[in-house]
Each structure stands twice: as C-alpha cells, then as structure tokens.
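Let me begin by presenting the structure, written as structure tokens, before commenting on it.
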Amino acid sequence: MEPTKQTLLVGGLLVDVYSHPTSSPSSTDPIHALFFLHGRFGSAQESYVVNIIKAIFDDSYGPGSGGGERKKDLIAVAFDHRNHGSRLVDQKRNLAWSEDPAKNNDQHAYVL
C-alpha cells in the first residue's frame, strides 16, 4: 500500500509526514516517529525516499510483522536539509574543496 503523505509547515520548514493508510488519526495508541534523511545532494522529494518509507511500512504492517494487535503506530518524517531540494540557495556551496576552480567551494570548511 502506498503511504499517506501530509505536508506541514513547521517553523518555516516544509515537512512531509508519511503514515500507513490503515493508521487512524483518532487513535490513542503511542506513535513511533522515524526521521528519514536524504543523502548528500539529495531531496526529500526524490522517489527513493517514498520507496524506502513504503518498504518500512510494508515490513512493519505486513503479514510478517509479528501478528497480533498493533500497540503502536508509525509515522515517517522527511524534510530537505539546508541548501538542498526545496531549500536550495546555491548548489556550489554543497561541493567540497577541489583544485578545479569550477568545482571548488572555498567556503566548505564553515558550511559543513
């Protein structure tokens, strides 16, 4: 099943919150939150993010997940790191030092 996605604005940051379609918003059960962080040069909107989150939900809610009644729900939270994805300001500032001037980020030490 495809996860349900809700995008929220939290402190000026767009945050994607994924839940399993069988999760109930009115549930009083505890919720586990998984913070899913994309890789370098990546974005929370890339398809692999949703594919991995879907696989985690399939494993957690599927037939082989231990059976019995579920006591806790799971949400996955994803957002873009600074200067990545929807927050991109300057792609060059994501690069490292290089002898090639076109690939050199002279601010690398203090933007890490």
If you go through G12, G39, G62, the only one that is of a type outside the set (F, W, Y), at pLDDT below 85 and within 26 Å of K92 (Cβ to Cβ) is G39
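Which residues, counting only those in segment 16-29, are surrounded by fewer than 16 Cβ atoms within 10 Å (Cβ to Cβ) and of a type in the set (V, I, T)?
Going through segment 16-29, the residues surrounded by fewer than 16 Cβ atoms within 10 Å (Cβ to Cβ) turn out to be 21-22, 24-29.
Answer for segment 16-29, where residues must be surrounded by fewer than 16 Cβ atoms within 10 Å (Cβ to Cβ) and of a type in the set (V, I, T): T22, T28.
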Qualifying positions in segment 32-43 - in contact (Cβ under 8 Å) with a residue 12 or more places away in the chain and either part of a loop (DSSP other than H, G, I, E, B) or surrounded by 12 or more Cβ atoms within 10 Å (Cβ to Cβ) (or both) | L34, F36, L37, H38, R40, F41, G42, S43
Of all residues in segment 68-91 being surrounded by fewer than 12 Cβ atoms within 10 Å (Cβ to Cβ) and more than 23 Å from Y18 (Cβ to Cβ), which is modelled with the lowest pLDDT?
-> G68
Scanning segment 1-15 residue by residue, those in contact (Cβ under 8 Å) with a residue 40 or more places away in the chain, closer than 15 Å to R82 by Cα and not β-branched (V, I, T) turn out to be L13, L14
Return yes or no: is K54 at pLDDT below 90 and assigned to a helix (DSSP H, G or I)?
-> no
In segment 4-15, the residues that are open to solvent by 70 Å² or more (accessible area, probe 1.4 Å) and touching a Lys or Arg at 6+ places or on another chain (Cβ under 9 Å) | L14
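Of all residues in segment 16-31 being free of Cβ contacts under 8 Å to residues at least 60 places away in the same chain and not in a loop (DSSP other than H, G, I, E, B), which is farthest from R82 (Cα to Cα)? Break it down into steps so the answer makes sense when it comes.
First, the residues of segment 16-31 that are free of Cβ contacts under 8 Å to residues at least 60 places away in the same chain: 19-31.
Those still in the list that are not in a loop (DSSP other than H, G, I, E, B) too: 19, 31.
On the way: S19: 24, I31: 27 Å.
Result: I31.
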Among the numbered criteria (1) under 29 Å from A96 (Cα atoms); (2) in contact with a His (Cβ under 8 Å, 6 or more places away or on another chain); (3) surrounded by fewer than 16 Cβ atoms within 10 Å (Cβ to Cβ), which single criterion is violated by M1?
-> (1)
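The values are calculated or read from the model by the stated rules, or taken from the named source; none is laboratory data. This one's a predicted model, so the numbers in the text were calculated from it and none came from an experiment. With ideal geometry, Cβ positions are generated from the backbone for all residues, glycine too; neighbour counts draw on all protein chains shown. The area values use the complete protein model at the heavy-atom level, side chains included, leaving out ligands, DNA and RNA. Shrake-Rupley method; radii C 1.70, N 1.55, O 1.52, S 1.80 Å.
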